[in-house]
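Notes to accompany the following structure.
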Amino acid sequence: MSDSADERWMRLAIELAWQCPPSPTAFSVGAVIVDSGGDEISRGFSREGGDPQLHAEESALAKLAAKARRDYGDAYCGGQIEASLRKVLGM
């Protein structure tokens, strides 16, 4: 990925951070997941959906898992994607 692409994705993450509900004890963070081809595949922000404990990365990864489940079915995604997410998220 080029520096200009990196900057574009970082700017989008910053824009997403502005969507976070305010919190006196937590940072506002946006996250964008980009595939190896440079295309956005998911995004999220801290406390999205009103969950005060939700991190931006968790939000984006959860959406990605839901999309994979829709595209490939529960049987495959239940084992492959969810296990990977648990490992990444330390669950």
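The values are calculated or read from the model by the stated rules, or taken from the named source; none is laboratory data. From a predicted model like this one, the values you see are computed outputs, not experimental measurements. Cβ placement follows ideal geometry from the backbone for every residue including glycine, while neighbour counts extend to all protein chains displayed.
Residues in segment 48-65 that are assigned to a loop (DSSP other than H, G, I, E, B) and touching a helix residue (DSSP H, G or I) at 6+ places or on another chain (Cβ under 8 Å): Leu54 alone. I'd like the full set of residues that are at pLDDT below 60, among the hydrophobic types (A, V, I, L, M, F, W, C) and under 15 Å from the mean Cα position of the chain (by Cα), limited to segment 63-91. Of everything in segment 63-91, those that are at pLDDT below 60, among the hydrophobic types (A, V, I, L, M, F, W, C) and under 15 Å from the mean Cα position of the chain (by Cα) turn out to be Ile81, Leu85, Val88, Leu89.
Take Ala60 and tell me if it is at pLDDT below 90 and crowded, with 18+ Cβ neighbours inside 10 Å.
On the way: at pLDDT below 90: no; crowded, with 18+ Cβ neighbours inside 10 Å: yes.
So Ala60 fails the test.
If you go through segment 47-56 and keep only what is surrounded by fewer than 18 Cβ atoms within 10 Å (Cβ to Cβ) and charged (D, E, K, R), you end up with just Asp51. Of all residues in segment 11-47, those satisfying the criterion of being in contact with a Lys or Arg (Cβ under 7 Å, 6 or more places away or on another chain) and in a loop (DSSP other than H, G, I, E, B) are Cys20, Pro21, Ser23.
Matching residues to (1) among the aliphatic types (A, V, I, L, M); (2) exposed (fewer than 11 other Cβ atoms within 10 Å of the Cβ); (3) within 12 Å of the chain's Cα centre (by Cα):
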{"site": "Met10", "(1), (2), (3)": "yes, no, no"}
{"site": "Ala13", "(1), (2), (3)": "yes, no, yes"}
{"site": "Trp18", "(1), (2), (3)": "no, yes, no"}
{"site": "Thr25", "(1), (2), (3)": "no, yes, no"}
{"site": "Gly30", "(1), (2), (3)": "no, no, yes"}
{"site": "Phe45", "(1), (2), (3)": "no, no, yes"}
